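Below is one structure, written out as structure tokens; the observations come after it.
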Amino acid sequence: MLKSLVLGAILGGITAFLWSFISWSFLPWHLIQYRSFQNEDEVSALVSSHTPESGIYLLPMGSPQQGMNAEQKKAAVEIRTQKMQKGPLMFAAIQRGGFGSFPRVLLTQLLYQMLAALLLTWLLLQTAGLSYARRVAFLAIAGLAASVIADLPYWNWYGFPAAYTGVNLIDYTLTWLLAGLVIAKVAKPQSAAASGGSV
């Protein structure tokens, strides 16, 4: 089992990483979902002057409610609700220090995809009696499930575009379908390994 976990993590993670690189670098479907501000320098300066630290920012958010009494909190919620209904809404991750080292980000991406491949390999090894094709399908559906869990709440609560969300759903499924072709070869549950695995 340990050998299967190691091989599944390394080979599956590398496959997922390579597909992600192709998907983001050579296919247009991700980047066309992004929009640019009319004056990026002006917006950048405005963001820098109004965000004291890196973190997640929500607009409208309102003033901190610590120290407010019940009536004040109710009034603050009502004001925020009115602003949310009127718009605009923004959910943003602000990184004041810039992007940093691109190679470091790539390495981190590879490592967390290996971690994901390790977890999915472990899940696959808990199954029994699945053919190779069904093991691959199991991992592809697991990828889809991960995207449903991660992406649909942002579409629902924060208004992430349906096209952006749909691309992520498809891409996660393809990522772990392709990685699944490799993982399902090297990580066979005991019963499948004993019988040689049927398609």
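Since every read-out is calculated from the coordinates, none of them should be taken as a lab result. Given the structure is predicted, the values throughout are model-derived calculations rather than measurements. Neighbour counts are summed over all protein chains in view; Cβ atoms, including those assigned to glycine, are modelled from backbone coordinates with ideal geometry.
Please work out the Cα center distance from segment 1-58 to segment 62-91, rounded to the nearest Å. One Cα centre to the other: 31 Å. In this rough spin-label picture, where each label sits 7 Å from Cα along the Cβ direction, the R104-A162 distance is 4.1 nm. Over the C-alpha trace of segment 49-199, radius of gyration and Dmax come out as 22.3, 69 angstrom. Lysine pairs in the chain whose alpha-carbon atoms fall under 28 angstrom of each other, counting only those eight or more residues apart or on distinct chains, come to 6.
Tell me which chymotrypsin sites (Phe, Trp or Tyr not before Pro) from segment 25-57 have a DSSP coil assignment and no more than 10 other beta carbons within 10 Å of their own. Passing sites in segment 25-57 are F26, Y34. Springs join every pair of Cα atoms under 10 Å in this Gaussian network model of the chain, and among G13, G180, G98 the largest mean-square fluctuation is at G98. Scanning the chain for trypsin sites (Lys or Arg not before Pro) in DSSP loops with at most 14 neighbouring Cβ atoms within 10 Å leaves 97-199 as the longest stretch between them.
Do any GluC sites (Glu not before Pro) in segment 1-90 lie in a loop, going by DSSP, with at most 16 other beta-carbon atoms within 10 Å of their beta carbon, and if so which?
Details: sites: E40, E42, E53, E71, E78; in loops: E53.
For GluC sites (Glu not before Pro) across segment 1-90 that sit outside H, G, I, E and B with at most 16 neighbouring Cβ atoms in 10 Å, the list reads E53.
The angle between the Cα long axis of helix 2-25 and the main principal axis of the chain comes to about 50°, on a 0 to 90 degree scale.
Give the relative contact order (percent, whole number) for the chain; include only Cα pairs under 8 Å separated by 6+ residues.
Values: 206 pairs, mean separation 72.8, N = 199.
So the answer I get is 37 percent.
As a size descriptor, the averaged projected area of the C-alpha convex hull of segment 1-137 was calculated at 14.6 nm².
Full-extension gain between Q95 and N39, please, as 0.36 nm times their residue separation minus the C-alpha to C-alpha distance. Intermediate results must be reported in sequence, preceding the final value.
Details: separation 56, 0.36 × 56 = 20.16 nm, distance 1.88 nm.
Gain on stretching Q95 to N39: 18.3 nm.
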